[in-house]
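Read the structure below first, then the notes.
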Amino acid sequence: MADIVLDKVSKSFPDGTVAVQDVDLEIADGEFVILVGPSGCGKSTTLNMIAGLEDISSGELRIAGQRVNDKAPRDRDIAMVFQSYALYPNMTVRENMAFPLRLAKLDKETINRKVDEAAKVLELTSLLDRKPANLSGGQRQRVAMGRAIVRQPKAFLMDEPLSNLDAKLRVQMRTVVSRLQKQLGTTTVYVTHDQTEAMTLGDRVVIMRGGAVQQVGPPQELYDHPRNLFVAGFIGSPSMNFLHAAVQDGGLHTALGEVPLGDRVRRELESADAPRELILGIRPEHFEDAELVDDDTRRRGMEFEAPVDIVESMGSDKYVYFTVEGEKASAAELEELAADAGAADFAGAGGNLVTRLSAESTVAEGQTRRVWFNLEKIHLFDPGTGRNLTLHEGRAAGALAD
Amino acid sequence: MSADTVEKSTTPTVPTQRGGRRKPPLSENKKAERKLGLLLCAPAALVMILVTAYPIIYSVWLSLQRFDLRFPDQREFIGLDNYVTVLTNEFWWTAFGVTMLITVVTVAVELVLGMGLAIIMHRTLVGRGLVRTSALIPYGIVTVVAAFSWRYAWTPGTGYLANLFSDGAPLTERASSLAIIMLAEIWKTTPFMALLLMAGLALVPEDLLKAASTDGATAWQKFTKVMLPVMKPAILVALLFRTLDAFRVFDNIFVLTAGGNETSSVSMLAYNNLIRGLNLGIGSTMSVLIFITVAIIAFIFVKLFGTAAPGSDDSERR
Ligand SMILES: Nc1ncnc2c1ncn2[C@@H]1O[C@H](COP(=O)(O)OP(=O)(O)OP(=O)(O)O)[C@@H](O)[C@H]1O
Ligand SMILES: [Mg+2]
């Protein structure tokens, strides 16, 4: 077991592609860190550099305090799990799991004992004599995990290990991975592009975009206090709503009405190079049916009226889609997010407002409904740089903060 | 599925239809599939029969006769006498031994060299096209032309190789002649082997090698424990092709030694009897024997294939 430190690590390929750029990351001993980001953002490359499968162009990588830039993968003592499982097709499950131990020249008895132990943990005992070709996807996945855990390495690296499984199995395996990591307490770096996995699995999440780290922190912190537009849009499902907002006499003109601003944001906007247009972000759960809001709460937010498009009742609450008029929010980040999520999932920047209202709401499709939203939970972004203007010392304070 | 039900409803036996509903559609599908398979194979099979079966049957027929074109009136049916003659003849067995030696040595050496070449071609990143093209040049040259250039190279006085490596005439001695024949064969067909093996290398997933690296394998261990097993089917195909080819070695021997100093292969021997000696009976007998040997080799390889495909040795699959 060991800590892993990436110190200004960069990777540029011979063809000039810069896949990873100045990544600084300190992963504590026993920590479970998730690398997440859209396709092609350099997650796998980062992982491969930690594993030693890809040379580091510049910067330093330390495992357990030792510089390992020039060490071969076999000398780094880390185990990797691949999306494709990468099981040796000619070997049985037992042989697959024993392979790293055999290479480490352990004696037969120890090997058998360790393999049996790992097989028991992963419920593979009855499959030990099968070949990978005769296993289901989930079983292959578990064998790949087994091969990683038998040798008790310093760290686990997992590259989208659950992506080839169907949705139900993925949820199951997620808990298996999580439990296993807690039991073993082995430092783990886990790559995924599934943000549910990112939110549920890790101690900390690293969000990457175009080879650069956007923000590092516990999942809840990223959710509540996104540092920029990209992080805000990437984390959360359904994603945050983004609206165009024009700065006008100390307030904001938006499709939801005139949004008042507190002193702090106003001061930010007074400087000469401050943007005249902003992007207002608000998560679906920060809306509520105006009828259900008590007076005390009402004061912390404001209300608007809009026609109801669709009502999806989830039992515990209702997802209600509203159409709002007005200019669309536009920024490079939003386009990128929409492209990655496949437009359908990312309604964030469209003329559609996604809200999550209480189940008691009597809202119905076709109505025009009065809706309240919480001004303290609003984020304001600079469309040029993507920076979150409402963030103060790492905390999001809403639009009204003084 | 709907097609099945339509077809079924036309059959008058309604009661059995319901009971047998679970299985029959599957077997019917299978039957249709088999029929389609046969139909698709038929044209190729027909052409094969026309162009190969007739000559084969005809040479078997010839091999059962005493038939020497120099004495045409002595032609008669003699059963297996020709086979007895050939199989008890020491020239045949010498040629058989020479052929076997050439086959085993060349195929073994080609496998090793071809594998090396394949890995080089697979791994090169810069000038890939150039490396591949230049490696394939020997295979692109007509065998007879290449054989002549080897012959001149080893001819004392005019040849650069003969002057460099020996003071005698290497093509007039048995051992050195055989060595040169094998050298020419290897030089010529290693690229072919490499090409087939390269197809096999492409079968090895990159992730598998990465996994082996992190599992602690050295480069050699990755090669022997991961790459070779995955490549096994491709290696067997390459070996089969080359073995069958090598066993019928003819042109290099024909040009280099013309079979002198007991360097004849079985194909040379058959040619000498059939075409030069005009003995259709004996010549055909030899051809049939070569055919049988080649068939046996192919059979052995195909048997090996059966267990080579990943997962095919598992009972559950069948
Ligand atoms: N061998 C290579 N040569 C050149 N560019 C490469 C190479 N491998 C990867 N890249 C580029 O580096 C960038 C990062 O790739 P990487 O595989 O790390 O992405 P990723 O975040 O893992 O994406 P995904 O979620 O699709 O797996 C991509 O733009 C990719 O095109
Ligand atoms: Mg990847």
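Every number here is computed from the coordinates shown, using simple stated rules; none is lab data. Computed from a prediction, not measured in an experiment: that's the story for all the values here. Every residue, glycine among them, receives a Cβ derived from its backbone with ideal geometry; neighbour counts consider all protein chains shown.
Numerical summary
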{"item": "Rule-of-thumb Rg ratio for region A:229-396 [Cα; 2.2 N^0.38 Å; N residues]", "result": "1.01"}
{"item": "Space enclosed by the convex hull of the alpha-carbon atoms of region A:152-203, per residue, Å³", "result": "76"}
{"item": "Lysines with Cα under 27 Å of residue A:11, excluding same-chain neighbours fewer than 8 positions away", "result": "A:43, A:71, A:154, B:210, B:222"}
{"item": "Relative contact order %, chain B, counting alpha carbon pairs below 8 Å whose residues are six or more apart", "result": "24"}
{"item": "Separation of the residue A:29 and residue A:163 label points, Cα + 7 Å toward Cβ, nm", "result": "3.3"}
{"item": "Summed residue charge, Cβ within 14 Å of residue A:68's Cβ, Lys/Arg positive, Asp/Glu negative", "result": "-2"}
{"item": "Qualifying lysines (Cα of each under 27 Å from Cα of residue B:188; at least 8 residues distant if same chain)", "result": "B:232"}
{"item": "Calculated FRET value between residue A:248 and residue A:309, using beta carbons and R₀ = 35 Å, to 0.05", "result": "0.80"}
{"item": "Packing-based exposure ordering (other Cβ within 10 Å, fewest first) of A:94, A:76, A:356, A:147", "result": "A:356, A:94, A:76, A:147"}
{"item": "P(r) weight above 19 Å for region A:253-342, C-alpha pairs, percent", "result": "58"}
{"item": "Set of lysines with alpha-carbon distance to residue A:120 below 19 Å, sequence-local pairs under 8 removed", "result": "A:108, A:131, A:182"}
{"item": "Cα point-scatterer Debye curve for region B:179-231, base-10 log of I(q)/I(0) at q = 0.19, 0.22 Å⁻¹", "result": "-0.69, -0.78"}
{"item": "Value at 222 nm in deg cm²/dmol, rounded to 500, when DSSP H runs of n ≥ 4 in chain A each add -39,500 (n - 2.57)", "result": "-7500 deg cm²/dmol"}
{"item": "Calculated FRET value between residue B:228 and residue B:101, using beta carbons and R₀ = 22 Å, to 0.05", "result": "0.25"}
{"item": "Relative contact order, percent, region B:94-266 [alpha-carbon distance under 8 Å, six or more residues apart]", "result": "38"}
{"item": "Potential lengthening between residue B:169 and residue B:241 on full extension [0.36 nm per residue; Cα-Cα distance subtracted]", "result": "22.6 nm"}
{"item": "Bins of 10 Å from zero: percent of alpha-carbon pairs in region A:34-132", "result": "13, 34, 31, 20, 2"}
{"item": "Distance histogram for region B:94-266 (every C-alpha pair counted, 5 angstrom bins, percent rounded to whole numbers)", "result": "1, 9, 15, 17, 16, 14, 10, 8, 6, 3, 1, 0"}
{"item": "Cβ-Cβ FRET estimate between residue B:278 and residue B:131, R0 fixed at 41 Å, reported to 0.05", "result": "0.25"}
{"item": "Mean separation of Cα contacts under 8 Å, 6 or more apart, over the residue count of chain A: relative contact order %", "result": "16"}
{"item": "Convex hull volume per residue for region B:122-180, taking Cα atoms only, in Å³", "result": "124"}
{"item": "Mean projected area in nm² (Cα convex hull; one quarter of hull surface) for the protein assembly as shown", "result": "50.9"}
{"item": "Prolate/oblate/rounded call for chain B, Cα gyration tensor, a/c under 1.5 rounded", "result": "oblate"}
{"item": "Calculated over chain A: convex hull of Cα atoms, volume per residue (Å³)", "result": "165"}
{"item": "Two-decimal Rg/Rh across region A:4-224, once Rg and the Kirkwood Rh are taken from alpha-carbon atoms", "result": "0.96"}
{"item": "Inter-label distance for residue B:206 and residue A:323, nm, one decimal - labels placed 7 Å from Cα along Cα-to-Cβ", "result": "4.7"}
{"item": "Longest exposed-site-free window of chain A, the sites being GluC sites (Glu not before Pro) in a DSSP loop that have at most 12 other C-beta atoms within 10 Å", "result": "A:124-324"}
{"item": "Total charge dipole magnitude, the protein assembly as shown, about the Cα centre, Cβ charges on Lys, Arg, Asp, Glu only, Debye to nearest 20", "result": "3700"}
